[in-house]
Ligand code: DGL
């Protein structure tokens, strides 16, 4: 891997960072990484053929995550970012064990949990897919760090498919959001964790619902800084961006192409890849 013979930061690793999610959600993470680390080359994989992950079994999500990680490793990635809470919740430990010593992994859950604790929030709400809420991972990780903290979780399974279809910032999305957030469990919070990488795309609608009385948190920026720290520690930062980012999907969808273009600010190289 990188040059470890010096204490200075060495920018010498031109390999890519792989980022994956079920669909467009992980683009919110890729976008944050691109802002913090503009010289890093990103390879994105959106598993559009299998979305939503949130409704799938643990075994199915693990299988998808394993296969995509193998593919990203074959593309010579130095790091793989699991830009999906559902996959981070149920497959992160398995991936770490399976690819031990071969590639660095980052997940979206740990940096957000750490940030919530550091900020001292006490009444924390968590909205996410059924897979993430069912795993109980946020409650367990938050409570392990601070027993007194109150954690209210709510599965909001309609949100990711709605966003994936391009339904946000309109009357329909506002009604769906209102229906979920008016649940008793989502009252009296000081913070709300957007524990699905699709949800930053409806962040402003959620802020509007709570009239800015609840702090809305997501993992994008905190994770991007963690990625920088991890690469820097291993002397794996890249010196320059030599080619444009690569976007793979397992099935073509117009909404993916539109959102990826929106984030990229220009044309994107989108390739349909059957890796199954
Ligand atoms: N964006 C993903 C997450 O963070 C997956 C959403 C889904 O496919 O259900 O959980």
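Read the figures in this text as sums done on the coordinates, not as results from a lab. Since we're looking at a predicted model, the values are computed, not measured. Quick reminder, even Gly has a Cβ in these numbers, built from the backbone with ideal geometry, and neighbours come from all protein chains shown.
By how many degrees, between 0 and 90 and to the nearest 10, does the Cα long axis of helix 58-74 differ from the longest principal axis of the chain? With rounding to tens, the tilt is 30 degrees. Among 28, 116, 129, which one moves the most in a GNM of the chain with springs linking Cα atoms closer than 10 Å? Top of the fluctuation ranking is 116. Shown is the FRET efficiency for residue 240 and residue 275, computed with R0 = 41 Å from the Cβ-Cβ distance and rounded to the nearest 0.05: 0.90. Taking the Cα centre of each part, how many Å lie between the stretch 232-255 and the stretch 110-156? The two parts, judged by their Cα centres, are 29 Å apart. For the chain, a Gaussian network of Cα nodes joined below 10 Å ranks 118, 207, 257 by mean-square fluctuation, and the top entry is 118.
Counting only alpha carbon atoms, the long axis of helix 25-36 and the longest principal axis of the chain meet at about 60°. Highest GNM mean-square fluctuation among 144, 156, 48, for the chain modelled with Cα contacts below 10 Å: 144.
Note on the chain: percent of Cα-Cα distances in each 5 Å bin, starting at 0 and stopping at the bin with the largest distance, equals 1, 6, 13, 17, 19, 17, 13, 8, 4, 1, 0, 0. Applying 0.36 nm per residue to the separation of residue 122 and residue 140 and subtracting their alpha-carbon distance, the gain on full extension is 5.0 nm. Return the FRET efficiency for the residue pair residue 175, residue 55: r is the Cβ-Cβ distance, R0 is 25 Å, and the value is rounded to the nearest 0.05. It comes out at approximately 0.75. Between helix 109-119 and the chain there is an angle of about 60 degrees, using the helix long axis and the longest principal axis of the Cα atoms.
If the viscosity is 0.890 mPa s and the temperature 25 °C, what translational diffusion coefficient in µm²/s does Stokes-Einstein give for the stretch 208-258 when Rh comes from Kirkwood over Cα pairs?
Numbers: Rh = 15.2 Å.
For the chosen part, D equals 162 µm²/s.
Multiplying the residue separation of residue 66 and residue 96 by 0.36 nm and subtracting their alpha-carbon distance yields 9.8 nm.
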